[in-house]
Amino acid sequence: MSSYLQGAEDGVMIKVYVQPRASKNELAGLQGDELKLRLTSPPVEGAANKLCREFLAKLLGVAKGRVALVAGDKSRHKRIFVQGLTAEQARRTLEG
């Protein structure tokens, strides 16, 4: 199992490293044991956190309301909980 993914009750926990102010929103592979996301928004007033949740929701095909920031509000290192997905479903989508 991928080290950035962890199954949880009724969902999956994803460890994410966010690089703000990128030229486009994209998955950028792994950085250590975290999934690296490049996001266009700046890290001010929660903009990058909001975009992070929206980007992952769209990528994983779930409603935005099912994606929650659990830890890392003021950090580039975040933990995101996605409700209604298994770790295997998330891994298949994220790793293609």
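Numbers below:
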{"item": "Filter result for Val62 (surrounded by 16 or more Cβ atoms within 10 Å (Cβ to Cβ), over 12 Å from the mean Cα position of the chain (by Cα) and within 15 Å of Leu5 (Cβ to Cβ))", "result": "yes"}
{"item": "Extreme residue, farthest from Leu30 (Cα to Cα), among residues of region 62-96 that are hydrophobic (A, V, I, L, M, F, W, C) and assigned to a helix (DSSP H, G or I)", "result": "Ala87"}
{"item": "Scope region 69-96; condition farther than 21 Å from Gln19 by Cβ, out of contact with any Gly (no Cβ under 8 Å at 6 or more places or on another chain) and loosely packed, with under 15 Cβ neighbours inside 10 Å; matching residues", "result": "Glu88, Arg92"}
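Bear in mind that the values in this text are calculations on the coordinates, not laboratory data. No experiment lies behind these values; they were computed from the predicted model shown. As a convention, Cβ positions derive from the backbone with ideal geometry for all residues, glycine included, and neighbour counts pool all protein chains shown.
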